[in-house]
């Protein structure tokens with residue numbers, strides 16, 4: 001692995017040992033990296049010779065905030081980070097009474113093709129490294145001057161489509177010598193990649209799994225979520241029941257309310273039927289308007305919520321944050337890509 005910040009503490013210690021350094025240097029360097037240094041020269045208790053060796057062997061790359069939008073409505077902050085190769089990803093800082101949450105991306109673009117999502121419009125470019133995911137948390141903290149207590153992997157990309165990097169990120173961000181953010185303060189969202197859900201269940205992590213359901217029937221879900229053609233919603237429900245049995249963790253089901261598509265009473269009834277016997281939470285999401293999409297926000301949100309609750313389900317409406325700053329995932333990156341293309345076309 002040629003990226004020092006993507007290494008676990010034992011791996012980093014071993015790499016330094018191979019350079020002839022004592023084992024305790026591993027902890028020192030690990031801690032500095034997780035503080036968000038932008039140059040090895042900032043590591044005050046590390047010898048100059050080692051700093052120089054590290055700079056040569058492991059060039060330090062940090063993200064650059066090329067755009068930052070702050071909501072006048074609720075203080076939500078949207079970042080567009082430029083990575084070392086020039087690609088961009090987004091993260092969002094959301095302020096709640098219980099603390100600050102950062103929503104991070106796991107890929108540059110996305111290949112899942114969900115009809116209501118701006119992240120997937122240009123397709124997937126590449127996976128992010130563990131360090132690139134971690135840096136979104138670190139540098140959001142540094143830029144805002146505020147501690148982050150909660151993380152949601154719900155930005156650009158499908159986390160389970162980049163699972164190796166995501167699992168390593170989780171190990172890094174949870175480490176007591178790093179940011180030390182507990183697993184119960186982390187949520188991971190998936191559109192339903194069943195092999196990833198089963199693998200995540202085997203790991204028995206105490207994070208919160210959020211499943212982007214958006215329709216309980218195969219016909220509707222296949223129209224708005226192409227992943228359903230590979231992993232049918234019936235298989236998804238089965239995998240979720242297995243995940244709960246493995247981990248004992250309640251699953252959150254995300255449900256973007258789309259007018260005339262997935263907001264019928266019979267669909268609420270079907271959700272209740274499929275979730276029976278599994279502690280779960282249905283998070284109803286007022287649909288964000290995406291210019292390219294014909295799908296519009298539902299007018300039946302309150303009625304749908306009431307129908308779910310009549311079956312004994314816990315159903316809440318997600319608080320909408322950052323409505324004035326393109327806080328829907330992928331919108332800021334898409335605008336930047338469009339502006340770059342216009343600049344090329346005008347030359």
### Query
Residue check: is residue 181 part of a helix (DSSP H, G or I) and either surrounded by fewer than 20 Cβ atoms within 10 Å (Cβ to Cβ) or touching a helix residue (DSSP H, G or I) at 6+ places or on another chain (Cβ under 7 Å) (or both)?
no
### Query
residue 326 passes all but one of (1) at positive phi; (2) at pLDDT 90 or above; which number fails?
(2)
### Task
Determine whether residue 141 is over 19 Å from residue 288 (Cα atoms) and either free of Cβ contacts under 8 Å to residues at least 12 places away in the same chain or buried (at least 22 other Cβ atoms within 10 Å of the Cβ) (or both).
no
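Looking at the range 186-205 only, could you name the residues that are touching a strand residue (DSSP E or B) at 6+ places or on another chain (Cβ under 9 Å) and either surrounded by fewer than 20 Cβ atoms within 10 Å (Cβ to Cβ) or assigned to a strand (DSSP E or B) (or both)? Talk me through it step by step, then tell me what you get.
We begin by selecting, within the range 186-205, every residue touching a strand residue (DSSP E or B) at 6+ places or on another chain (Cβ under 9 Å); these are 186-192, 196-197, 200-201, 205.
Within the range 186-205, 186, 187, 188, 189, 190, 201, 205 meet the criteria.
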### Query
Which of (1) over 19 Å from residue 211 (Cβ atoms); (2) modelled with pLDDT under 70 is the odd one out, the single condition residue 301 does not satisfy?
(2)
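Among 125, 152, 166, which is the only one that is over 20 Å from residue 256 (Cβ atoms) and either surrounded by 21 or more Cβ atoms within 10 Å (Cβ to Cβ) or modelled with pLDDT of 95 or more (or both)? Give the derivation first.
On the way: 125 fails: either surrounded by 21 or more Cβ atoms within 10 Å (Cβ to Cβ) or modelled with pLDDT of 95 or more (or both); 152 fails: over 20 Å from residue 256 (Cβ atoms).
The unique qualifying residue is 166.
Can you tell me which residue among 251, 224 is buried (at least 20 other Cβ atoms within 10 Å of the Cβ) and either on the phi > 0 side of the Ramachandran plot or free of Cβ contacts under 8 Å to residues at least 60 places away in the same chain (or both)?
On the way: 224 fails: either on the phi > 0 side of the Ramachandran plot or free of Cβ contacts under 8 Å to residues at least 60 places away in the same chain (or both).
Answer to the check: 251.
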### Task
Could you please let me know if residue 229 is surrounded by fewer than 18 Cβ atoms within 10 Å (Cβ to Cβ) and more than 23 Å from residue 101 (Cα to Cα)?
yes
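The values are calculated or read from the model by the stated rules, or taken from the named source; none is laboratory data. These figures come from a predicted structure and were not determined experimentally. Glycine gets a Cβ as well: all are built from the backbone with ideal geometry, and neighbour counts include every protein chain shown.
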